[in-house]
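Let me begin by presenting the structure, written as structure tokens, before commenting on it.
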Amino acid sequence: MSVHKYGKNNATNRIVILISGNGTNLQSIIDARNAGKFNAEIVAVISNRANVFGLERAKLAGIPAITLDHTHFNNRDEFDLTLAKTVEKFNPTLILLSGFMSILSNIFLSRFHRNVINIHPSLLPKYKGLKTHQRALEAGDSFAGATVHFVNENLDDGPCILQAKVKIRPDESPESLAERVLKMEHIIFPLAVQWFCDKRIALKNGIAIFDGIPLPKMGQQFKKTSQIHDGRFGP
């Protein structure tokens, strides 16, 4: 884990990251930023659960770490409104959902709808929601993977930006598959952030755009030897 602490810089992009747990994808974003992979400042990490390790990762990196425990609110709308007001204070240009286990309503998304990106551990549109690896194995799929996508008010439903596939092995378990997919998440999530910061991707009229061209339904397909990562990311 990187414990490099960084302060304010001349970054034109300001990132707020929402988490609910351990924060390994958060760490991949912190490490990529520290390595100069994209021009951005991570201005806050906000968790909807108290005492999760992702908050410690943020503190170690010198990033403001905030808890907004969703169980302390009367309803979802009240939580989303408070979350939106909290995020707005940081004036973000990009909001990342990094294992954030709450569906955001239009109360939140109407304020940031073009600038919210999530990573999901399946090849969307397959297996929205939970237990994605178990469901892929039960279905007899040949491949599993992860998807980075823009967020809308529906669960794991926004336009896809980038996917990475993992071939399912004959002796695969949900746990082993999750571990292998997670390694790909740590590659493609920072890559999508790089694209956003470089103004290569955008959401226009509900369509994901890459270099001015609409992306296919499942987004770009990541390959280790592909020019997709511009030689700056990859295993």
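The set of residues in segment 123-132 that are in contact (Cβ under 8 Å) with a residue 24 or more places away in the chain and among the charged types (D, E, K, R) comprises Lys128, Lys131. When segment 196-218 is filtered for residues that are on the phi < 0 side of the Ramachandran plot, of a type outside the set (A, V, I, L, M), outside any strand (DSSP E or B) and surrounded by fewer than 21 Cβ atoms within 10 Å (Cβ to Cβ), the ones remaining, listed by number, are Cys197, Asp198, Arg200, Pro216, Lys217. The residue that is nearest to His186 (Cα to Cα), counting only those in segment 133-153 that are free of Cβ contacts under 8 Å to residues at least 40 places away in the same chain and not small (Gly, Ala, Ser), is Phe143. Return a yes/no flag: does segment 189-209 have any residue that is touching a residue at least 60 places away in the same chain (Cβ under 8 Å) and of a type in the set (S, T, N, Q). Within segment 189-209, one or more residues are touching a residue at least 60 places away in the same chain (Cβ under 8 Å) and of a type in the set (S, T, N, Q).
Here Val116 fits the description: of a type in the set (A, V, I, L, M) and either within 16 Å of Leu18 (Cα to Cα) or surrounded by fewer than 20 Cβ atoms within 10 Å (Cβ to Cβ) (or both).
If I go through segment 26-55 residue by residue, how many of them are assigned to a strand (DSSP E or B) and β-branched (Val, Ile, Thr)?
Going through segment 26-55 one residue at a time, the tally reaches 4.
In the set (1) part of a loop (DSSP other than H, G, I, E, B); (2) within 16 Å of the chain's Cα centre (by Cα), the condition left unmet by Ala58 is number (1).
No value in this document is a laboratory result; all are computed from the given coordinates. Predicted model only: the values in this text are computed from it and were never measured. We place every Cβ from the backbone using ideal geometry, glycine too, and count neighbours over all the protein chains shown.
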